[in-house]
Amino acid sequence: MLYRRFGRTELSMPVFSCGGMRYQFQWQDAPFVKVPKDNQHNLQTTIERSLELGINHVETARGYGTSEMQLGKILPRLPREKLIVQTKVSPKDDPMEFRREFDKSLGYLNLDYVDLLGIHGINNRETLEQSLRPGGCLDVCRQLQREGRIRFVGFSTHGPTAIITEAINSGEFDYVNLHWYYIFQDNWPAIAAATEQDMGVFIISPSDKGGQLYDPPQKLVHLCQPVSPMVFNNLFCLSHPQVHTLSIGASRPTDFDEHLKTLPYLVSERETEKVLQPILARLHGAMVEALGEDWVNSWRIGLPSSEHTPGEINIPKILWLYNLCQGFDLVEYSKMRYNLLGNGGHWFPGQPASNFDDQKLWQCLASSPHRQRVLEVLRETDRMLKGETVQRLSRQEIAKTS
């Protein structure tokens with residue numbers, strides 16, 4: 001395993017982290033006696049495999065159902081000084097509720113302290129203010145630090161780059177969990193800001209949200225030769241020293257195997273670039289061939305945000321998904337993401353393009369060099385991707401079990 005300094009925490013962080021969102025029994029709290037033995041055994045063997053590989057950062061959250069409780073049957077038996085344990089708690093309007101949720105987390109984990117506590121989901125102005133205002137959730141975190149129950153404080157986010165960067169530039173956080181990978185590079189300014197603050201940078205779900213790379217379309221497989229799309233994406237992320245660790249959302253012990261193939265290519269910058277550069281050129285060429293160079297270089301210009309668009313249509317996100325379909329055949333991934341619009345709350349804001357008034361959108365696209373094409377693409381994308389309503393993963397599983 002390779003390790004990187006996790007910013008000012010000075011923790012030696014493995015370049016892969018063991019995310020705890022996919023191996024748990026269910027998305028609701030439950031008594032341990034209700035957890036099937038085979039599920040707990042699978043979780044235990046997944047953690048054991050992670051540690052065998054040197055992946056000693058275990059990451060979970062209060063919002064991951066039984067994950068914390070199941071980990072709490074395993075982690076106390078392991079050498080604590082060799083573990084880096086992170087959990088996350090969503091910001092609350094009442095900071096005492098945030099405190100109670102953390103107490104529940106630590107109780108379930110059956111530990112005296114966690115190394116990393118993330119404020120989970122600083123996605124908009126409201127959650128930012130709940131976190132940073134005097135007497136808010138961050139002040140609770142400071143008290144928990146004084147009590148020795150947490151070591152370092154960070155935040156996770158699915159929010160817009162401006163909100164992420166504002167939280168980073170507050171100087172209050174030691175690390176950030178955010179989205180950034182080959183198909184979604186918008187948050188690079190936030191990573192640059194985190195580097196200026198000497199913060200740890202943890203990339204959320206690069207293989208799943210980064211294109212469902214565990215089941216890639218054949219076109220993407222071909223474009224990424226001689227490595228898999230998953231290994232390419234890992235290399236792309238880790239070729240940037242500002243990035244410290246990538247989350248592996250393991251659901252079973254073998255889920256680490258493909259990721260391990262990344263490590264030999266990271267032994268030197270020359271070795272990394274020798275693999276990356278031809279793939280990057282092919283990917284860019286495929287996008288230009290499918291969409292035209294002018295569109296590839298300028299489709300983002302003048303697009304309004306969803307809150308400034310009639311019907312709150314998330315035009316930038318929809319055009320992005322259209323591009324992924326045309327360039328890389330990422331249709332199934334794009335269907336999943338498109339049908340979250342209108343159902344993802346502040347985790348995936350905005351609405352789909354199912355119904356819109358051409359004249360109103362024409363006016364709000366006044367600064368776009370592609371006004372007419374944007375309208376056509378919105379309609380084409382809706383026809384291509386519209387399917388059954390999709391909810392965030394946690395809500396899907398709750399619906400199944402309720």
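The values are calculated or read from the model by the stated rules, or taken from the named source; none is laboratory data. Source: prediction; values computed, not measured. Glycine gets a Cβ as well: all are built from the backbone with ideal geometry, and neighbour counts include every protein chain shown. Side chains included, ligands, DNA and RNA excluded: accessible areas come from the protein's heavy atoms. Shrake-Rupley method; radii C 1.70, N 1.55, O 1.52, S 1.80 Å.
Quick check on my filter: what residues within the range 180-200 are open to solvent by 40 Å² or more (accessible area, probe 1.4 Å), under 30 Å from ASP329 (Cα atoms) and either of a type in the set (Val, Ile, Thr) or touching a Cys at 6+ places or on another chain (Cβ under 9 Å) (or both)?
TYR182
Can you name every residue in the range 205-214 that is open to solvent by less than 30 Å² (accessible area, probe 1.4 Å) and either among the aromatic types (Phe, Trp, Tyr) or in contact (Cβ under 8 Å) with a residue 60 or more places away in the chain (or both)?
Scanning the range 205-214 gives SER205, GLY211.
Starting from the range 275-291, take each residue that is touching a residue at least 60 places away in the same chain (Cβ under 8 Å) and list its partners that are open to solvent by 60 Å² or more (accessible area, probe 1.4 Å), counting only C-beta distances under 8 angstrom and pairs at least six apart or across chains.
Within 8 Å, the pairs are ALA286/LYS219.
Which pairs do you get when a residue that is under 14 Å from PHE25 (Cα atoms), found in the range 47-65, comes within reach of a residue that is assigned to a helix (DSSP H, G or I) and among the aliphatic types (A, V, I, L, M), reach meaning Cβ atoms under 7 angstrom, with the pair 6+ apart or on two chains?
Final answer for the pair search is THR60/LEU71.
Filter the range 201-230 down to the residues that are over 15 Å from GLU273 (Cβ atoms), more than 13 Å from the chain's Cα centre (by Cα) and of a type in the set (Val, Ile, Thr) and list them by number.
VAL221
Six or more apart or on different chains, Cβ atoms under 6 Å: show the pairs whose first residue is in the range 174-203 and in a loop (DSSP other than H, G, I, E, B) and whose second is among the polar types (S, T, N, Q).
Between residues of the range 174-203 that are in a loop (DSSP other than H, G, I, E, B) and residues that are among the polar types (S, T, N, Q), the close pairs are ASP174/THR9; TRP180/ASN187; TYR182/ASN233; ASP186/THR161; ASN187/THR161.
Are any of the residues in the range 298-309 at pLDDT 95 or above, over 20 Å from the mean Cα position of the chain (by Cα) and not in a loop (DSSP other than H, G, I, E, B)?
Within the range 298-309, one or more residues are at pLDDT 95 or above, over 20 Å from the mean Cα position of the chain (by Cα) and not in a loop (DSSP other than H, G, I, E, B).
Of all residues in the range 337-368, how many are assigned to a loop (DSSP other than H, G, I, E, B), open to solvent by less than 50 Å² (accessible area, probe 1.4 Å) and more than 17 Å from PRO310 (Cα to Cα)?
4
Only residues in the range 306-329 that are within 12 Å of LEU385 (Cα to Cα) count as the first member; pair them with residues that are outside any helix (DSSP H, G or I) and among the small types (Gly, Ala, Ser), Cβ under 7 angstrom, at least 6 apart or cross-chain, and list the lot.
ILE318/ALA353
Condition first: open to solvent by 60 Å² or more (accessible area, probe 1.4 Å), in contact (Cβ under 8 Å) with a residue 24 or more places away in the chain and closer than 22 Å to HIS346 by Cα. Can you find one or more residues in the range 109-125 that meet it?
yes
Scan the range 258-278 residue by residue and report those that are open to solvent by less than 40 Å² (accessible area, probe 1.4 Å) and hydroxyl-bearing (Ser, Thr, Tyr).
The answer is THR262, THR272.
List the residue pairs whose Cβ atoms are under 8 Å apart, where the first residue sits in the range 218-240 and is without any contact (Cβ under 8 Å) to a residue 24 or more places away in the chain, the second is outside any helix (DSSP H, G or I) and surrounded by 14 or more Cβ atoms within 10 Å (Cβ to Cβ), and the two are 6 or more positions apart or on different chains.
If the second residue must be outside any helix (DSSP H, G or I) and surrounded by 14 or more Cβ atoms within 10 Å (Cβ to Cβ), the pairs left are VAL221/SER228; PRO229/GLY211; PRO229/LEU213; PRO229/PRO216.
Name the pairs whose Cβ atoms lie under 6 Å apart, with the first residue in the range 74-101 and among the charged types (D, E, K, R), the second in a loop (DSSP other than H, G, I, E, B), and 6 or more positions between them or separate chains?
Once the first residue is among the charged types (D, E, K, R) and sits in the range 74-101, its partners that are in a loop (DSSP other than H, G, I, E, B) give LYS82/ASN56; LYS88/ALA61; GLU101/ARG62.
Out of the strands (runs of 3 or more DSSP E) lying entirely within the range 1-81, which hold 1 or more residues that are open to solvent by 20 Å² or more (accessible area, probe 1.4 Å) and touching a Pro at 6+ places or on another chain (Cβ under 8 Å)?
Once the strands (runs of 3 or more DSSP E) in the range 1-81 are filtered for at least 1 residues that are open to solvent by 20 Å² or more (accessible area, probe 1.4 Å) and touching a Pro at 6+ places or on another chain (Cβ under 8 Å), what remains is 3-5.
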